[in-house]
Amino acid sequence: MKQFHLLFIISVSFFFYSCINDIEFNGEQQQAMVVLNSFVTPDSVVKVQLTRSKFFLEDDTQFEAITNAEVKLFVNDVFVEKLNPTTKGYYIGTYFPKENDIVKFVAIVPQLAEVNASTSVVPKQVIIGVDSSSVSLGECPIVQHYSENGGPYVADTIGFTKNKGLDLRIRFKNEPTIKNYYRLLLKAKTYFEDGQVMEQNVYSTSDDLVFGNSDNNADIFGDMSSYNSYNIFSDQLIDGETYELKTRVPYNYVTYKDGYNSSTTPPDSSKNVITKQELVVELQSISESYYLYLKSINAYSGSDDFFSEPVQVFSNIVNGIGILGSYTQSSKVFELPATVGYDNYYCGGNDGF
């Protein structure tokens, strides 16, 4: 979130839409502004975070939470409730948004401007089905390992890391007549023997045209290394169609040579045993504001070159800065072998126990 506040103050206007707030800098410190951030969804009660913006030359990296505000929720222009303040500038209500609701927040902060923002809760686009196939991406020898009882590395080929790709074809119906925006999320869920569950986002690659990729971005495995790191796209090319979205999830697993077992490598008794792994395919329908926000963040991430144009992060907050967006989601779950991993392995690398 630090980066989010910083960009609004130091960057110049980008070309997205007229509702982007341009903040002029004339060489003097600018007055603090209210930063409002919220993403609403039918799966959760409404929640808003309020902080103060910070001048970009200040050394302090912490952003001050606003805890004394009055935050009102309106749905379809009708007052619903006041949100309750909690910790770290969060304000939480009891209302679960519904599809097609127009949600509006009004935040009144003493000694700062009153800010407001609104968004429409987009309808869900249901995943019809997901087909998958596996492709081999090569094999790397493991040529080092720890010696007994945590000693130095031993140079020896003890096994192989098999790199593979899970190719997914995700079918969904894009509704016509309205402009639709999407985000594809892929998550790995790992279940442990003691009952714990860990969830993490999974990297994927794609050459699907909806992501705006080209063959010039292909890597050595034929995967695509696009700058679309958030997997967002619009229905510009697929309006009204039943579409099959293509993406690839790289993964790997380790096999050991015969004779390499616990007698040569002591087992780690502290390691929590994995009992099951799942891959969750999640297709989000997102609001235009959410799409433009992620698109501007993505553009900033790809503008590291010294000669690139500065990028301003999209905002739709009136009298303030930040983002109010909405999303709905449809998901499918794949069960994968417990031995699957998503770490980056290098040929000739070590295997730590």
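Details
- Our estimate of slack between E241 and A338, defined as 0.36 nm per intervening residue step minus the Cα-Cα distance, is 31.2 nm.
- A Förster radius of 35 Å combined with the Cβ-Cβ distance from K257 to S229 puts the calculated FRET efficiency at roughly 0.40.
- Cross-link pairs beyond the 18 Å C-alpha cut-off, checked among K104/K124; K54/K88; K47/K332; K179/K295: K104/K124; K47/K332
- Extended-chain gain in nm, criterion 0.36 nm per residue less alpha-carbon gap, M198 and V126: 23.4 nm
- Simple spin-label estimate for A65 and Q111 gives 1.9 nm between the two label positions (7 Å along the Cα-to-Cβ direction from each Cα).
- For S315, the residues whose modelled amide H falls within less than 5 Å of its own, excluding neighbours fewer than 5 places apart on the same chain, are N21.
- For the stretch 313-342, backbone nitrogen atoms closer than 14 Å to the point 7 Å from E99 Cα along Cα-to-C-beta are found at 327-331.
Bear in mind that the values in this text are calculations on the coordinates, not laboratory data. Since the model is a prediction, treat every value here as computed from it, not as a measurement. Quick reminder, even Gly has a Cβ in these numbers, built from the backbone with ideal geometry, and neighbours come from all protein chains shown.
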